[in-house]
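The values are calculated or read from the model by the stated rules, or taken from the named source; none is laboratory data. Computed from a predicted model, the values in this text were never measured in an experiment. Backbone-built Cβ (ideal geometry, glycine too); neighbour counts: all protein chains shown. All accessible areas refer to the heavy atoms of the entire protein, side chains included, with ligands and DNA or RNA removed. Shrake-Rupley method; radii C 1.70, N 1.55, O 1.52, S 1.80 Å.
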Amino acid sequence: MDTLKHKCFLEELLFWTIKYEFPQKMVTFLLNMLPDQDYKITFTKTFVQHYAFIMKTLMKSQESDTMSNRIVHISVQLFSNEELARHVTEECQLLDVMVTVLLYMMESCLIRSELQDEENSHHVVVNCGEALLKNNTYWPLVSDFINILSHQSVAKRFLEDHSLLMLWMSFVSFFQGMNLNKRELNEHVEFESQTYYAAFAAELEACAQPMWGLLTHCKVKETQEYTKTVVRYCLEALQVWFDNIGFVDEPAPNQVTFHLPLHRYYAMFLSKAVKCQGLDLDSLLPDQEMLMKIMVHPLQIQVSLSEIHSNMWVRNGLQIKGQAMTYVQSHFCNSMIDPDIYLLQVCASRLDPDYFISSVFERFKVVDLLTMASQHQNTVLDSEQERPMLEGALTFLVILCSLRIHLGMADDEILRAEMVSQLCMNDRTHSSLLDLIPENPNPKSGIVPGSCSFEDMLSAVADFKAPVFEPGGSMQQGMYTPKAKVWEKEFDPIMVILRTVYRRDVQSAMDRYAAFLKHSGNVAGNPWPPYKERTPLHGCYKGLIRLLHCKTLHIVIFTLLYKIWMDHPNMSEHVLCMVLYLIELGLDNQVHDEEDEEPCIEEHCHDSWFPGTSLLSNLHHVINFVRVRVPESAPEVRREPPPSTSTEGSPPSQHSRRLSGNWRENLREAQLFSLVAERRRKFQEIINSSNREAAAAPVTRPKSSSARWLPPGTSQHLAASAAAAAAASAPQLVTEILEVRESMLSLLVKLHQKLSARGTATLSVAGLEGADPGTVAHGDGLTAIQRILAKAAARSRLSRRCIQDLCGNACPPVPPKKNSPADKKSMDKEERRQRARERQQKLLAEFASRQKSFMETAMDVESPDADPGMDLEACDLAEEVLYDCVICGQSGPSTEDRPTGLVVLLQASSVLGHRCRSDEPKRLPTSDEEHIYPEDTCGAASDVRLSLMQRDFKDSSCLQSVSIGWDGGVYVQTCGHTLHIDCHKSYMESLRNDQVLQGFSVDKGEFTCPLCRQFANSVLPCRPGRGSEVGAWHVPSTKPMHVLVKEVEDLQDQMAIFPVSSTTESNLTKEMESVIKDIKNTTQKKYMDFGKNPGSPDNDFLFMYSVARSNLELELVHRGGNLCCGGASAAAKRSCLNQLFHVLAMHMRLYSIDSAYNPWNRLTQLTHSRDEYYDEERPEVPMLFRDVPSLLIIFILTMPQPLRKEHFICVVKVLYTLQYTQALAALSIKFSPEERQAWSTSGAIKKSMPNANKSWEALLSHVIGEMSKGKSIYDTQSEEVSMLCSSVWSPQSIEFSLQQYCLPFLRLSSLLQHHLYGDILAGCQVEEEFSMLALSLGLLAPAAQAGNPVSSAAFLEWAVSPFSLLPQWCAEVTGLPETQVEQTVTLMAQDPRWAAPRLLQLPENYNTIFQYYHRKACTSCTKGPKDPALCLVCGAFVCLKGLCCKQQGICECVLHSQHCGAATGIFLLINASVIIIIRGHRFCLWGSVYLDAHGEEDRDLRRGKPLFLCAERYRVLEQQWVAHTFDHINKRWGPHYNGL
């Protein structure tokens, strides 16, 4: 192995390949020739020949990771072929080479073990701090070894070769006891070493994985010999190890290692031998002395787990907790804790049970606690550690006696139990469940060894909860939750305790269990962990049951029951729970080799407490007196000598005896008749030097400050001399006799009485026997005690009789001394607890009601704070509206000097601009043939319309004829909370000085509402309370139309006379100006300047009224696009239109409309001088081209506020006539020439009718007549239109078409009326919407509605005769030059209806998107982007973080979000399947809308599962986009610095 002699070119080539650390090209070259069989064999032999050289190069390599991958790349192709592997094993001694190489490799980093005997240990272990272990450098070689052991022929050869096995055992023993932890007792450790990662990885990969590989070949009877051989060598290696570390019988204190691979090899081969090969367990076990040694270290680990959780290792830092967690973690548990527990179970089944139990309590350091005295001294534990350690010891015993993983459970049962325990802790996703079920270390295939697959088992025990979206915004994934029957029958808290990495998971499982019971109505109150029946034990392990039937355990149980009954310190509910669990296990698992009922007493020695070992008979055995050692100050100390009658109640055998001076014999020893001495005696017996006196002499452990922690050299338990020496400084211990006169049964009955809160529940044997087993399975401590008593009564006549007697005369406990205040305290404790509980309930109820009232005010849709327009009756009485400031808490009106404002969020929005005509969303293109055309969106159409107008008409007129803000409009929303504006300023100042990193930018004015924490960035001032005109302001008008028209005109003229100067000074106007500035800063410049000269007043005017328009339109969208549902909506909560209108109106006062150009005159008067109209170079925009809702908003905003309702309705009526005329004109263009002719003729007849001005036929005919004067208008589009409208127009379809055309205007008017005047929006059917809105707007007197469908023309109310007015409006259009005919038609045929905004329709399968866009090239650099992304609003393909598309330092996604969504972007990241949201300068990860079959996300496509569209999530995303709630719902925002 040392010298390499090359005989051919291939060997030379491989040598240099290794020397240069496997260059990729060489690896590829050498592998490419493998198909040639001769080459393959020769190459494999050469590879084996160079194996040691590979190892040496690997250890020196700087890039060991890369090299490791390349080595495995080659070796996996050579060694995965069984034929080849066997051939090389035979010819080149592959196994010898591998084991030797591994051994040699590990020998390079050995250190002396400090376990047990630090000075003289001969054992060496690997040093986990070495790079070799820290960097996992060994893994390629170990992986090759595991690979070849997977071939049966090779593995058999390995198992047959004894020298190899011995070599391998010595390799494994290098890891035995590595990474030793020493408990820090004084100082906190300075440097927390992280070597434990390396240690756990090394044991798993280098020891456990090869072990599992070998175990797969030891499954059948024929392979018995192999198992025997391995077991023999394991035991030999263990014996050598014990000798080397100098182990005798006690482990060194304050040390623990989690790494015992030799123990685990031994345990796993034992388990396989019994389970699969039918071997007799005893034939594989060593002698008792060896078993005692073997159990010490695994037991030490279980103790250390308890110590770590009791904070005894806290000075060792966090890493020790990390080790305890890794030891039980799902990837390690079946190679670590499971074999350890199994080994302890084997030892327990073969060793003397009293010895085993006393060892456990001694190791757990709680022997001192197990005294009947109320006070004791513990030399090794602090008092706060006693309880957790006692709980740990009892829990360990319960696990030991009830766990059946290696003791008889089938693989399917194990899988089921594992799955149930994980699901009970928490609902789990499919992938996390796969990860949490301990691997049977065959690679994960979803199939766990056994007959049952993972999926079948999962569907048997769990229900699937589909992915939902929680209101808080957190995305839930598809989860599996336990079925009800699983909670009822299979929930096993013991398995949960064994498998929890975090202790909180045990509590979580119990909480979920309690919630289930509460929900199903089985149990009220606080349920205890349920008791679960166990799988029967395999015959070999029957000895384990003896643990439950040994006197030592019964003494412990009796002592603990007594202590709990007497309320001694450090007892807990968990202690009682575990004690009862042990009793119940004992009752369910009887030892059948002795008589149950009446054991013969004579043979048993009298120093013990109980006559026999059977739990059933010991339950009713009465113990009268107990001798205890207590400090002199203890309440038990009596001042007079013990009475001579103390033995009266003793068992019958003692009656014949004389009371000799040595009365000690007849008393029960207290301190577990000194467990320690008992254990020593057992150990001595085995070494054949029996010393019976040791049992009698009690070893007391006085507490002394000097000998508090023993020096490591001395034994952990004080010898007699040490005791004598320490006694001087310690308080004196005296022996006292305690009168008990109780049996376990009587204590159980008394505890039952104590638990049932002042004895309300009564016990009777009949009641116990008649109980339904189903109801007894779940419940609290009472149920558990009842269940035990019922079982005892059913199984033993004597117990039944005892229970009958006891139930008759149960009484509360008598404390030892009445006059001590401490006892009085304990008597009152229960009462105080009760009172505290009542107080707590009261407080909680009060808190809940406060919370509820807060929620009501915060969420109230129409709260007066949120909208002063509401609740007018109240307003009529109260002069002013009062606002609550959420910062200073004061309530008061908003005044000029100290204005109050609404907390608002201003954001630019292009949602309206992305609306289309069609209700169907556009499809995302997934092939080169598909495209998205952006021209048909609302934003694009309005841009075209404005530019067409600006080409031919006067600019200032154009800017009043349309609304902008479809793209980049400003949306204002509020959370409804108000604050003083000066309070807000100081709040912002404090935020600015706050050093804590916030998710928002205070410099940009961003903050969170001080009350509800909703994101905001401005404050909208509320106008001061209303004056006296409120009453008159709302009265329905009786004035005739022409009077109102004149009044409106006067009001508009008044506008210019407003005293601007006087108002500029007040704080209120300053704030209003500042909000206007905020609104302007919210959107980009390009969305504000549409005029020929940017920044002009006209432009500003257009932008301002468009803000109002955008907010009205958006609220309409949020209400579902119509007002059918009426009432308030979710959007209304966020709406602050009333205040916004007021602020905008204040601002609009700065502009006056020149009366000559006032559209009002052209709407309501006949202008005779046609000539002046064409004076200028460009005409004004014809009335028929103007956007009617825009005119409505302009009129309302430019008239003095507050506006009387009669004037508002007058404006609506006048504008309705214009809207109706536009509808008729647009309709007439759609007709074919014949239809136009026909309708013109039929309508002409109606003109002479009395109400011709309310008949659409007459008006339509008139419009057609007037428009025909400009011949070309109807001619241009005839061919296009005829294609559009092949259908024939009926009166019904015309009426419907006219209503649809006018509906958008009516909706906006109603909404505006609702916000300005607080009118209620009544709900209705979709088909009644038109007439309902017309009614609410006062276009028709309510009396006129006779129930039959109303014609849309009936609502018309003309200020001037339509037959005079219409020609004037039509002439403006027909008078235009011939050249503009095309534009004219486009402008006239514009349809005001738009569908709701939608995101793109995505394909069902994610693979469709991935395949097309993953390969798509970037438009700038024509390469495939590293992180491609898709805009879900418009379908644009962009580069995330791509430098190629960066412009002025801004990356493409951010740029696109500004162009497409006015700084809001929704992008799907192709390579990660997640969606990111960009909002202004921040971004957040939203989650994924594509989930796998189990409802889980696959972020970054790591798991590679097929993903499918989750329609529910996509709908939520769309809803958040439309409702502009990204800022409120998603909490995790971060700045993107333009880098996305």
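Of note:
- Taking every residue in segment 205-231 that is outside any helix (DSSP H, G or I) and of a type in the set (S, T, N, Q) and pairing it with any residue that is modelled with pLDDT under 90 and open to solvent by 30 Å² or more (accessible area, probe 1.4 Å), at least 6 positions away or on another chain, yields no pair with a Cβ-Cβ distance below 6 Å.
- Annotation for segment 1503-1511: at least one member residue is in contact with a Ser or Thr (Cβ under 9 Å, 6 or more places away or on another chain) and open to solvent by 50 Å² or more (accessible area, probe 1.4 Å).
- Residue count, segment 194-211 (criterion: over 21 Å from Gln116 (Cα atoms) and in contact with a Gly (Cβ under 9 Å, 6 or more places away or on another chain)): 3
- Those helices (runs of 4 or more DSSP H) lying entirely in segment 1163-1257 with at least 1 residues modelled with pLDDT of 85 or more, touching a Lys or Arg at 6+ places or on another chain (Cβ under 8 Å) and on the phi < 0 side of the Ramachandran plot: 1188-1198, 1205-1230
- Residues (open to solvent by 30 Å² or more (accessible area, probe 1.4 Å) and assigned to a helix (DSSP H, G or I)) located in segment 282-300: Asp282, Ser283, Gln288, Glu289
- Residue in segment 98-114 that is surrounded by fewer than 16 Cβ atoms within 10 Å (Cβ to Cβ) and of a type in the set (Gly, Ala, Ser) present: yes
- Selected residue (only one of Ser75, Ser143, Ser163, Ser64 is in contact with a Ser or Thr (Cβ under 7 Å, 6 or more places away or on another chain) and polar (S, T, N, Q)): Ser64
- Residue count for segment 253-262 satisfying the condition of being over 19 Å from Arg363 (Cα atoms) and more than 39 Å from the chain's Cα centre (by Cα): 1.
- For segment 961-986, a residue qualifies if it is of a type outside the set (D, E, K, R), out of contact with any Gly (no Cβ under 6 Å at 6 or more places or on another chain) and closer than 16 Å to Pro1021 by Cβ, and the qualifying residues are Val972, Thr974, Gly976, His977, Thr978, Leu979, His980, Cys983, His984.
- Number of the exception - Trp1521 against (1) among the aromatic types (Phe, Trp, Tyr); (2) out of contact with any helix residue (DSSP H, G or I) (no Cβ under 8 Å at 6 or more places or on another chain); (3) open to solvent by 30 Å² or more (accessible area, probe 1.4 Å): (3)
- Counting only helices (runs of 4 or more DSSP H) wholly contained in segment 1325-1435, the ones carrying 2 or more residues that are in contact (Cβ under 8 Å) with a residue 12 or more places away in the chain and within 41 Å of the chain's Cα centre (by Cα) occupy 1406-1414.
- Counting only residues that are polar (S, T, N, Q) and assigned to a loop (DSSP other than H, G, I, E, B), segment 877-926 holds 6 of them.
- Take the conditions (1) assigned to a loop (DSSP other than H, G, I, E, B); (2) surrounded by fewer than 23 Cβ atoms within 10 Å (Cβ to Cβ); Glu1497 misses just one of them, which is (2).
- The set of residues from segment 927-967 being free of Cβ contacts under 8 Å to residues at least 24 places away in the same chain, in a loop (DSSP other than H, G, I, E, B) and in contact with a Lys or Arg (Cβ under 8 Å, 6 or more places away or on another chain) comprises just one member, Glu930.
- Among the residues examined, Ser1096 does not qualify as at pLDDT 85 or above and small (Gly, Ala, Ser).
- When the criteria are applied in full, Leu318 meets the requirement of being at pLDDT below 95 and either touching a Ser or Thr at 6+ places or on another chain (Cβ under 8 Å) or open to solvent by 10 Å² or more (accessible area, probe 1.4 Å) (or both).
- Selection from segment 17-62 of residues that are hydrophobic (A, V, I, L, M, F, W, C) and touching a Cys at 6+ places or on another chain (Cβ under 8 Å): Val48
- For segment 344-383, a tally of residues being more than 12 Å from Met292 (Cα to Cα), of a type in the set (Lys, Arg) and either touching a strand residue (DSSP E or B) at 6+ places or on another chain (Cβ under 7 Å) or outside any loop (DSSP other than H, G, I, E, B) (or both) returns 1.
- Hits in segment 974-1020 (condition: farther than 21 Å from Thr895 by Cα and aromatic (Phe, Trp, Tyr)): Phe1000, Phe1007, Phe1015
- Residue satisfying condition, being at pLDDT 95 or above and either over 39 Å from the mean Cα position of the chain (by Cα) or surrounded by 22 or more Cβ atoms within 10 Å (Cβ to Cβ) (or both), within set Cys276, Cys234: Cys234
- Phe22 being within 30 Å of Val126 (Cβ to Cβ) and not in a helix (DSSP H, G or I): yes
- Tabulated pairs, segment 1528-1540, first more than 20 Å from Cys1431 (Cβ to Cβ) and β-branched (Val, Ile, Thr), second open to solvent by 20 Å² or more (accessible area, probe 1.4 Å) and at pLDDT below 85, C-beta under 9 angstrom, 6+ apart or interchain: Ile1529/Pro471; Ile1529/Gly472
- Counting only residues that are within 21 Å of Trp1358 (Cβ to Cβ), open to solvent by 20 Å² or more (accessible area, probe 1.4 Å) and hydroxyl-bearing (Ser, Thr, Tyr), segment 1205-1254 holds 2 of them.
- Any hit, segment 210-218, residues being open to solvent by 30 Å² or more (accessible area, probe 1.4 Å) and of a type in the set (A, V, I, L, M, F, W, C): yes
- All of Leu548, Leu576, Leu582, Leu561 fail the test of being assigned to a helix (DSSP H, G or I) and more than 21 Å from Ile497 (Cα to Cα), apart from Leu561.
- Set side by side, the residues Ser1473, Ser1457 differ, and just one is without any contact (Cβ under 8 Å) to a residue 40 or more places away in the chain and among the hydroxyl-bearing types (Ser, Thr, Tyr), which is Ser1457.
- In the set (1) under 19 Å from His263 (Cβ atoms); (2) in contact with a Pro (Cβ under 7 Å, 6 or more places away or on another chain), the condition left unmet by His309 is number (1).
- Against the list (1) out of contact with any Leu (no Cβ under 9 Å at 6 or more places or on another chain); (2) more than 30 Å from Thr195 (Cβ to Cβ), the condition Phe242 fails is (2).
- Among the residues making up segment 170-185, a single one is open to solvent by less than 10 Å² (accessible area, probe 1.4 Å), out of contact with any Pro (no Cβ under 9 Å at 6 or more places or on another chain) and either modelled with pLDDT of 95 or more or under 16 Å from Glu236 (Cβ atoms) (or both): Phe171.
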